[in-house]
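Worksheet: the structure to be examined is printed underneath.
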Amino acid sequence: MGKPTGFMEFTREIPGKKTVSDRLHDYNEFTLRYEDKKLNEQAARCMNCGVPFCHSGCPLGNVIPEFNDAVYRKNWEEAYDILSSTNNFPEFTGRICPAPCESACVLGINQPPVSIEEIEKHIIEIAFDKGYVKSHRPAVRTGKKVAVVGSGPAGLAAAAQLNRAGHQVIVFERDDAPGGLLRYGIPDFKLEKWVVDRRIRHMEEEGIQFRCHANVGVNVSMNDLLREYHSIVLSGGSTVPRDLSLVGRELKGVHFAMQFLKQQNKRNAEKDPFDKPETESNIVDHDIIANGKNVIVIGGGDTGSDCVGTSNRQGAKSVTQFELLPKPPVNRNQGMPWPTYPMVLKTSSSHEEGCERQWAVATKAFIGDSEGNLKGLRIVDLEWKFTEDGRPAQFVEREGSEREIPCELALLAMGFLHPQFEGLIQESGVETDERGNVQASEKKYQTNISRIFSCGDMRRGQSLVVWAISEGRECARKVDEYLLGQSLLESKDRSLLTA
């Protein structure tokens, strides 16, 4: 590496943020950039490990020490070339990835790990600033047409790779603009939508076509796609949320998290927040607003955290987040050894903005007033039993802990079950597995219908954005092999590049 002793000279620092009081007044991103000196120092901390476990920690197999070295030497074009060789969208992962690469960083054994995610974001933004990100249409087209259904991160990655291979790619998106989860699931304060639009424009310049308001299985026929395209990639995501079937679930004020988040993202885009075109389902016909309300977010993950940040920006009276599991430890324990991803306590920027967090709490019922509006929750504390390695195993309700608390808006952020069966999956005839996901092996990404492939959350279940991009890239290679008999597209398994 450029500075072999860097990890001994500098400690981990992350860029500054706008103050809480400033950032709660809008929905803009609030994380600042490193100063040049700080960025150089953070890249210098990379250790030139004998075995860089960060490679295996990253689902994309990013070549992390090499781009850190290029950043240290301020060779931005080289850094961008290295990063973009494995990651189509560093501007997304650099903002919203939980950074499993950092959990696997060797330095993290006894020091804070290298700030890989922030360095990645700086590489791509500097590359855009300096004009290194250029659009390149394939010199030769193969004559093969591929339909990609779904424009979330998996679909976008598959489309980018298939276009690079020379195929004509058309992306079908049921919403009014491309991006999927990136556009309407992630709040603007984590990912401003000009970042998504910039990438979509770049992909269009490279020859990829996007067709919006195109819901395959509803207003676009799967049979028509099978007749018109040589192959189809299903990347629609895992869109059916986990529900909480309790007394009072029908009350006004109980909503899924994505209904709440999507409305605010549409407001930010100056669109009708409860527009319900024929191509969409699960859209409520009224505003979901936290202003002046006691908000309870049920679910302790990233989506729940996004609901916390959005509720505070809307002016909630109070915000509380419930988690069924017990409070995680601050540090690794024997059940989560390095370099595995540790389930330790995480405090997000949204939590810093104001939130009461309660662990080992279960909701028993939603309580309404005489007009059918939510006014409270009945909850109970849980007592957990743990395995020998410290993992939670089973729970019982704590006697005498049942109580009622005020709540006018309850947001269900408990994850997703599987893709929507109605329409696309039913009409296509693809088989699903025991969890309800499209059945397609990780080896081939191919369904029971040879021309139809699947990737991302629709295939593997709810997962990370970085996994979706990885799946899209790997699936594209398999489609390319199916269409041409071989593929020169990059693979996470470098040994496949000789194929």
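Points to keep in mind about this one:
- Residue 90 meets all of the listed conditions (1) closer than 22 Å to residue 4 by Cβ; (2) crowded, with 23+ Cβ neighbours inside 10 Å but one, namely (1).
- The listed residues are 61, 50, and the only one of them that is touching a Lys or Arg at 6+ places or on another chain (Cβ under 8 Å), of a type outside the set (Asp, Glu) and not assigned by TED's automatic domain parsing to the domain that holds residue 188 turns out to be 61.
- Wholly within segment 157-273, helices (runs of 4 or more DSSP H) carrying at least 1 residues that are surrounded by fewer than 20 Cβ atoms within 10 Å (Cβ to Cβ), outside the structural domain of residue 446 (by TED's automatic domain parsing) and under 18 Å from the mean Cα position of the chain (by Cα): 257-268
- Segment 130-150, subset within 17 Å of residue 91 (Cα to Cα) and in contact (Cβ under 8 Å) with a residue 60 or more places away in the chain, residue farthest from the chain's Cα centre (by Cα): 135
- Every condition in (1) touching a strand residue (DSSP E or B) at 6+ places or on another chain (Cβ under 8 Å); (2) over 29 Å from residue 345 (Cβ atoms) is met by residue 2 except one, and the failing one is (1).
- Positions within segment 307-359 being over 25 Å from residue 381 (Cα atoms) and hydrophobic (A, V, I, L, M, F, W, C), in sequence order: 336, 338
- Subset of segment 346-365 (residues that are buried (at least 17 other Cβ atoms within 10 Å of the Cβ), in a loop (DSSP other than H, G, I, E, B) and among the charged types (D, E, K, R)): 353
- For segment 86-95, the criterion of being outside any helix (DSSP H, G or I) and without any contact (Cβ under 8 Å) to a residue 60 or more places away in the chain is met by none of the residues.
Each row is one residue, and each column tells you yes or no for (1) of a type in the set (Asp, Glu); (2) loosely packed, with under 14 Cβ neighbours inside 10 Å; (3) over 27 Å from residue 95 (Cβ atoms); (4) more than 22 Å from the chain's Cα centre (by Cα).
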site: 299; (1), (2), (3), (4): no, no, no, no
site: 308; (1), (2), (3), (4): no, no, no, no
site: 344; (1), (2), (3), (4): no, yes, no, no
site: 367; (1), (2), (3), (4): no, no, yes, yes
site: 378; (1), (2), (3), (4): no, no, yes, yes
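- Residue within segment 37-47 that is surrounded by fewer than 19 Cβ atoms within 10 Å (Cβ to Cβ), among the charged types (D, E, K, R), over 24 Å from residue 194 (Cβ atoms) and without any contact (Cβ under 8 Å) to a residue 12 or more places away in the chain present: yes
The values are calculated or read from the model by the stated rules, or taken from the named source; none is laboratory data. Here the structure is a predicted model, which is why all the values come from computation and not from measurement. As a convention, Cβ positions derive from the backbone with ideal geometry for all residues, glycine included, and neighbour counts pool all protein chains shown.
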